[in-house]
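K.L.:
A single structure is presented below for examination.
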Amino acid sequence: MSTQDYYQRPALGDGKPYDPMREPRFTEIATFMRAPLAAGLDNVDIGLIGVPTDLGVTNRPGARHGPREIRNASSLMRGFNLGLGVNPYELCRVADLGDVHLSHRYDLERQNADIETFYRKVKAASILPVSAGGDHSITYPIFRALGAERPVGMVHVDAHTDTWGEFFGSKFTHGAPFRLAVEAGVLDPKRTIQIGIRGGQNFLDGIAFSKSHGMRVVFIEEFADLGVDRVIAEARRVVGDGPTYISFDVDGLDPVYAPGTGTPEIGGITTLEAQRLLRGLRGLNLVGGDVVEVAPPYDQTGNTALVGATMMYEILCLIADRHFGDSARRGGLRG
């Protein structure tokens, strides 16, 4: 894909193509990071995807509106990442693949099937996905697609382990995706680290599941004691060189930074710590990532959507660098 393929062709006017990334950020139809909206899966290296559902929440809904607001907030992102020294758009072909079409709006299990089918097509096209939820239940069907041939490892930022069992008769909730993924054999628990876990608990079976299956659980107290650099080192040790996915729940952050979420827990990670943590994962074999649980109705300032867009951009930069940039060249992945 040439640079020309990223240009827009206006329906009216002189008909000459133009680059929306060089236009004022308040113009044009909102797409993730102002990337082109793809008409199909051809000629795309990294796909930015929305998954607008919150049928899996156990309390406050609203994350179904996350993808739309993250798209809008992501117009504030620029091309060059100063922290990583990377411009992902110069390294590879990045496009907005739109939202997963959900054929059944009131049936979460059928939505899971829709999501899995969509991501199987994305994987078959050799596209690396970076997604915006939606609640955290979306990550389970994504793993069923990405980990079908080989289970993935995971760096998981969250206030909750999301390894609980059934909730009021349903096992498909935003509190259960990683338990389901381990049981389905698509997530390797021994290559999984969960960072920022905290808050009160009514029962401990989720934490017990994580620990008994070999997940590395970093409670927020340990995070504070170790500091970001040592947690980065631990994350790199746990996931190793195998295929790894980043799942970032914005409630892993303190609600002063991300109040617009369904299950806020005070005493969390700062946005600066989160950026440092993500950037410290540079060079890992990242095969995808998501940012979930942005619920705009609880934050009329729009700041939570901006935080979500920024973390999504950081993940995009990491994946672009690993597969198409300096990390790829150092690892012998490119000529």
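The values are calculated or read from the model by the stated rules, or taken from the named source; none is laboratory data. A quick note: this is a predicted structure, and the numbers were derived from the prediction, not measured. Ideal geometry is used to build each Cβ from the backbone, glycine not excepted, and the neighbour counts take in all protein chains shown. All accessible areas refer to the heavy atoms of the entire protein, side chains included, with ligands and DNA or RNA removed. Shrake-Rupley method; radii C 1.70, N 1.55, O 1.52, S 1.80 Å.
K.L.:
For the subset of the stretch 98-145 comprising residues that are open to solvent by 50 Å² or more (accessible area, probe 1.4 Å) and touching a Lys or Arg at 6+ places or on another chain (Cβ under 9 Å), which member is nearest to THR244 (Cα to Cα)?
P.N.:
ARG144
K.L.:
Right, next: Being within 19 Å of the chain's Cα centre (by Cα), within 27 Å of SER170 (Cβ to Cβ) and modelled with pLDDT of 95 or more is the requirement here; does VAL57 meet it? Show your work before the answer.
P.N.:
Details: within 19 Å of the chain's Cα centre (by Cα): yes; within 27 Å of SER170 (Cβ to Cβ): yes; modelled with pLDDT of 95 or more: no.
Spelling it out, it is not the case that VAL57 is within 19 Å of the chain's Cα centre (by Cα), within 27 Å of SER170 (Cβ to Cβ) and modelled with pLDDT of 95 or more.
K.L.:
Give me the pairs: first residue in the stretch 35-47 and farther than 8 Å from VAL94 by Cβ and open to solvent by 20 Å² or more (accessible area, probe 1.4 Å), second residue basic (Lys, Arg) and in a loop (DSSP other than H, G, I, E, B), beta-carbon distance under 8 Å, and six or more apart or on different chains, which are they?
P.N.:
Between residues of the stretch 35-47 that are farther than 8 Å from VAL94 by Cβ and open to solvent by 20 Å² or more (accessible area, probe 1.4 Å) and residues that are basic (Lys, Arg) and in a loop (DSSP other than H, G, I, E, B), the close pairs are ASN43/ARG93.
K.L.:
Quick one: in the stretch 48-67, of everything that is in contact with a Lys or Arg (Cβ under 8 Å, 6 or more places away or on another chain) and open to solvent by less than 10 Å² (accessible area, probe 1.4 Å), which residue is nearest to VAL100 (Cα to Cα)?
P.N.:
GLY50
K.L.:
May I pose another question? Looking at ALA233, ALA258, ALA274, which one is surrounded by fewer than 19 Cβ atoms within 10 Å (Cβ to Cβ) and of a type in the set (A, V, I, L, M)?
P.N.:
Values: ALA258 fails: surrounded by fewer than 19 Cβ atoms within 10 Å (Cβ to Cβ); ALA274 fails: surrounded by fewer than 19 Cβ atoms within 10 Å (Cβ to Cβ).
Criteria check complete, one pass: ALA233.
K.L.:
Next question. Given the criterion of a type in the set (A, V, I, L, M), more than 18 Å from ASP158 (Cα to Cα) and outside any loop (DSSP other than H, G, I, E, B), identify the matching residue among LEU277, LEU316. Please lay out each step first, then the result.
P.N.:
On the way: LEU277 fails: more than 18 Å from ASP158 (Cα to Cα).
The unique qualifying residue is LEU316.
K.L.:
Let me ask you something else. Report the residue count in the stretch 203-230 for those that are touching an Asp or Glu at 6+ places or on another chain (Cβ under 8 Å) and among the β-branched types (Val, Ile, Thr).
P.N.:
The qualifying residues number 2.
K.L.:
Still on this structure: Taking GLY240 as meeting all but one of (1) open to solvent by less than 20 Å² (accessible area, probe 1.4 Å); (2) among the small types (Gly, Ala, Ser); (3) touching a residue at least 60 places away in the same chain (Cβ under 8 Å), write down the number of the exception.
P.N.:
(1)
K.L.:
Further question: Can you find, within the stretch 293-327, the residue that is nearest to THR58 (Cα to Cα) among those that are at pLDDT below 95 and open to solvent by 30 Å² or more (accessible area, probe 1.4 Å)? Give the derivation first.
P.N.:
Here is the first cut: in the stretch 293-327, the residues at pLDDT below 95 are 300, 325-327.
Then keep just the ones that are open to solvent by 30 Å² or more (accessible area, probe 1.4 Å); that gives 300, 326.
On the way: GLN300: 22, ASP326: 42 Å.
It comes out as GLN300.
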